[in-house]
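Worksheet: the structure to be examined is printed underneath.
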Amino acid sequence: MLTRRHLLATAVAAPAILRFGIGTAHAATTLKISHQFPGGTIDKGDFRDRLCRMFAAEVSKRSNGDIAAEIYPNSSLIKTNAQFSAMRKGALDISLYPMPYAGGELPETNIGLMPGLVTTYDQGMRWKKEPVGKALTDFLADKGIILLSWVWQAGGVASRSKPIVAPEDAKGMKVRGGSREMDMVLQTAGASVLSVPSNEIYAAMQTGACDAGITSSTSLISFRLEEVAKSLTSGAGASYWFMLEPLMMSKAIFDKLPKNQQDVLVAVGEELEAFGRKGAQDDDVEVAKVYEKAGAKVSALDAATVGKWRDIARDTAWKDYGAKTATAANLLKLASDVAA
């Protein structure tokens with residue numbers, strides 16, 4: 001298993017951008033890893049960026065330098081919404097990508113942010129070994145995507161004014177929900193919605209185009225939304241908003257690699273899932289401290305309130321999603337079978 005000391009030691013040979021010479025006996029396979037989140041180092045910063053750097057460092061070590069990687073944070077290589085399509089086409093190797101961002105291209109991926117469907121980390125992580133995990137993995141592979149690391153994140157709400165805790169609080173507000181299905185729930189609650197990736201919420205709230213943004217605890221911190229918010233609803237204790245943000249790889253690129261390199265990528269990706277979960281849960285706690293320090297009012301969700309959001313979702317978003325395609329209907333049924 002990977003340990004912090006082991007990864008930091010490996011990182012000495014693997015800074016922000018990893019390169020290996022091509023004049024050696026075996027030229028390195030250089031993979032480009034892109035994501036939308038702020039860049040940092042292997043031991044500091046947004047845990048999603050750190051996970052990518054740990055992944056790069058460890059696959060380099062285990063492959064004896066046969067696999068190299070270049071990290072591109074802040075959507076500096078490919079714009080956020082284009083990354084999924086680029087992987088499917090083989091134009092991008094790897095991305096840590098919020099799955100529902102692909103919903104416009106493949107509506108089935110919106111299962112990765114179905115309000116009220118996943119309500120705990122244990123429940124979300126069980127998907128991988130349950131029939132829903134196999135069905136989702138097979139569907140994505142058929143569409144050109146390999147899942148390397150399953151990463152779930154709970155979310156909360158940053159608001160420019162009053163807190164949004166219960167559904168009735170959203171009435172009359174302009175809110176970023178994060179997926180088509182979350183938007184349906186918000187609209188049913190009386191809100192108007194704005195569809196932007198999380199790295200654009202700050203500007204939308206700053207200009208007043210958006211009153212509140214729902215996103216992961218990590219993004220609530222990394223994108224400094226406390227600077228434009230007066231209220232935070234924390235998802236640390238309970239949440240109706242869980243996003244699947246896996247480390248994904250282009251199947252076209254993966255299939256071209258020799259099996260020993262494929263095995264390294266799969267093994268390292270799986271081992272980093274524990275780091276991803278800890279990073280997400282640590283930020284669920286940290287986000288309240290950040291917003292309190294900035295002077296924001298912090299509110300908490302409880303099971304009863306989550307139930308109110310889930311009831312709306314079940315009658316609107318779940319039904320709409322399940323009617324999209326046979327695959328969507330099957331994914332929803334299988335996911336519903338995984339108890340919280």
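The values are calculated or read from the model by the stated rules, or taken from the named source; none is laboratory data. Here the structure is a predicted model, which means the values were calculated and not measured. Ideal geometry is used to build each Cβ from the backbone, glycine not excepted, and the neighbour counts take in all protein chains shown. These area figures cover heavy atoms from the full protein model, side chains too; ligands, DNA and RNA do not enter into them. Shrake-Rupley method; radii C 1.70, N 1.55, O 1.52, S 1.80 Å.
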Per-residue ³J(HN,Hα) for segment 223-232, Karplus 6.51 cos²θ - 1.76 cosθ + 1.60, θ = phi - 60°, Hz, x for Gly and Pro = 8, 6, 5, 4, 6, 10, 10, 10, 9, 10
ask   = Per residue, how much accessible area does the chain show when a 1.4 Å probe rolls over the protein heavy atoms, in square angstrom?
value = 40
inquiry  = Rounded to the nearest percent, how much of the accessible area of the chain (1.4 Å probe, protein heavy atoms only) is carbon and sulfur?
reply    = 52
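With the cut-off at 19 Å, report for segment 189-340 the share of all Cα pairs above it, as a whole percent.
Numbers: 7696 of 11476 pairs.
Across segment 189-340, Cα pairs with separations above 19 Å total 67 percent.
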task = Determine Rg/Rh for segment 29-337; Rg is computed over alpha-carbon atoms and Rh is the Kirkwood hydrodynamic estimate from the same atoms.
result = 0.96
key: Cross-link table Lys32/Lys333; Lys128/Lys289; Lys171/Lys230; Lys61/Lys259, entries beyond 24 Å C-alpha to C-alpha   = Lys32/Lys333; Lys128/Lys289
note = Subtracting the Cα-Cα distance of Ala339 and Val285 from 0.36 nm times their residue separation yields 17.0 nm
remark   = By the mean-Cβ-within-10 Å protection proxy, highest first, 324-334, 142-152 rank as 142-152, 324-334
ask   = Which of the listed residues, Val228, Met182, Pro197, is farthest toward the dipole's positive end in segment 130-234, when Lys, Arg count +1 and Asp, Glu count -1 at the beta-carbon?
value = Val228
ask   = Which value at 222 nm does the chain reach when only helices count, each DSSP H run of 4 or more adding -39,500 (n - 2.57), with the total divided by all residues and rounded to the nearest 500 deg cm²/dmol?
value = -12000 deg cm²/dmol
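Sort 265-271, 129-135 for me by packing, meaning the mean count of neighbouring Cβ atoms within 10 Å per residue, highest on top.
Highest to lowest by the protection proxy: 265-271, 129-135.
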request  = Let me know the charge dipole size of the chain about its Cα centre in debye, to the nearest 20, where only the beta-carbon of Lys, Arg (+1) and Asp, Glu (-1) is charged.
outcome  = 320
